[in-house]
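Just below is one structure, and these are the notes that go with it.
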Amino acid sequence: MSANSAEPTATVEVVLVKAGRTKIRYPAELLHDDGTRIAVRAPWAGDVTRDFGFVRFEQGDVFTEFYWRDRWYAVKEVRAADGTLKGWYCDITRPATLTGDGLVVEDLDLDLWRSADGTDVRRLDEDEFAESGLAERDPAAAEAAVKALDTLETLAHEGGFEALLS
């Protein structure tokens, strides 16, 4: 398989790195790779239900995840086991890399949630981002991360996620 094409049944391992360490890794079905945007689908990779108060991620949930090689974010469409759209969870990340069968993404702590009906758009983990020290270690990356969060928040409020992911 080339880095710019996806075989229909290809599987990749998504590797989420945070602060230089692997936070989680999980297998995902590679749906699409056009050389810039990569789409994968995977069941909820957590061992237990995660209740954020505004959404619950639980066994049976399915994540269709979109990563870019040239953007500082990833957008994850979250559906319940019955197919009901819960919303979109967005990670602010460095641009993704896909080599061989591994999709590596570096999480930069900032996140955004948009509910399925668009009435709940919230920025998450800004305190963790501030405490991470990224602004001191890598000011350009910190600036790109904040800009990416602002961009996603605008898209979330203006209903632009559908166009972004189509």
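Could you tell me whether ARG41 is of a type outside the set (Ser, Thr, Tyr) and closer than 21 Å to SER132 by Cβ? Spell out the reasoning first.
Working: of a type outside the set (Ser, Thr, Tyr): yes; closer than 21 Å to SER132 by Cβ: no.
Here the answer is no, as ARG41 does not meet what is asked.
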Of all residues in the stretch 28-48, which are open to solvent by less than 60 Å² (accessible area, probe 1.4 Å) and not in a strand (DSSP E or B)? GLY35, THR36, TRP44, ALA45, GLY46
So which of VAL78, VAL104 ends up being closer than 25 Å to GLN59 by Cβ and out of contact with any helix residue (DSSP H, G or I) (no Cβ under 9 Å at 6 or more places or on another chain)? VAL78
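Could you tell me how many of the residues in the stretch 147-156 are touching a Cys at 6+ places or on another chain (Cβ under 6 Å) and either without any contact (Cβ under 8 Å) to a residue 60 or more places away in the chain or surrounded by fewer than 17 Cβ atoms within 10 Å (Cβ to Cβ) (or both)?
First, the residues of the stretch 147-156 that are touching a Cys at 6+ places or on another chain (Cβ under 6 Å): 152.
Right, trim to either without any contact (Cβ under 8 Å) to a residue 60 or more places away in the chain or surrounded by fewer than 17 Cβ atoms within 10 Å (Cβ to Cβ) (or both) and you get none.
Of the residues in the stretch 147-156, 0 are touching a Cys at 6+ places or on another chain (Cβ under 6 Å) and either without any contact (Cβ under 8 Å) to a residue 60 or more places away in the chain or surrounded by fewer than 17 Cβ atoms within 10 Å (Cβ to Cβ) (or both).
I'd like to check which helices (runs of 4 or more DSSP H) are fully inside the stretch 60-166 and have at least 1 residues that are at pLDDT 95 or above, among the β-branched types (Val, Ile, Thr) and within 18 Å of ARG37 (Cβ to Cβ). Lay out the reasoning, then the answer.
On the way: elements: 126-132, 134-137, 139-158, 161-165.
Where helices (runs of 4 or more DSSP H) fall fully within the stretch 60-166 and carry at least 1 residues being at pLDDT 95 or above, among the β-branched types (Val, Ile, Thr) and within 18 Å of ARG37 (Cβ to Cβ), they are 139-158.
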Of all residues in the stretch 112-139, which are in contact with a helix residue (DSSP H, G or I) (Cβ under 6 Å, 6 or more places away or on another chain), closer than 14 Å to TYR89 by Cβ and without any contact (Cβ under 8 Å) to a residue 40 or more places away in the chain? VAL121
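Hey, can you tell me all the residues within the stretch 115-146 that are basic (Lys, Arg) and surrounded by 13 or more Cβ atoms within 10 Å (Cβ to Cβ)?
At the first step, the residues of the stretch 115-146 found to be basic (Lys, Arg) are 122-123, 137.
Selection gives ARG122, ARG123.
Would you confirm whether any residue within the stretch 81-88 is within 11 Å of the chain's Cα centre (by Cα) and either open to solvent by 30 Å² or more (accessible area, probe 1.4 Å) or under 19 Å from GLU162 (Cα atoms) (or both)?
There is at least one residue in the stretch 81-88 that is within 11 Å of the chain's Cα centre (by Cα) and either open to solvent by 30 Å² or more (accessible area, probe 1.4 Å) or under 19 Å from GLU162 (Cα atoms) (or both).
The values are calculated or read from the model by the stated rules, or taken from the named source; none is laboratory data. What you are looking at is a predicted structure, and each value in this text was computed from that prediction instead of being measured. No Cβ is skipped: glycine too gets one built from the backbone with ideal geometry, and neighbour counts run over all protein chains shown. Accessible surface areas use protein heavy atoms only, side chains included; no ligands, DNA or RNA. Shrake-Rupley method; radii C 1.70, N 1.55, O 1.52, S 1.80 Å.
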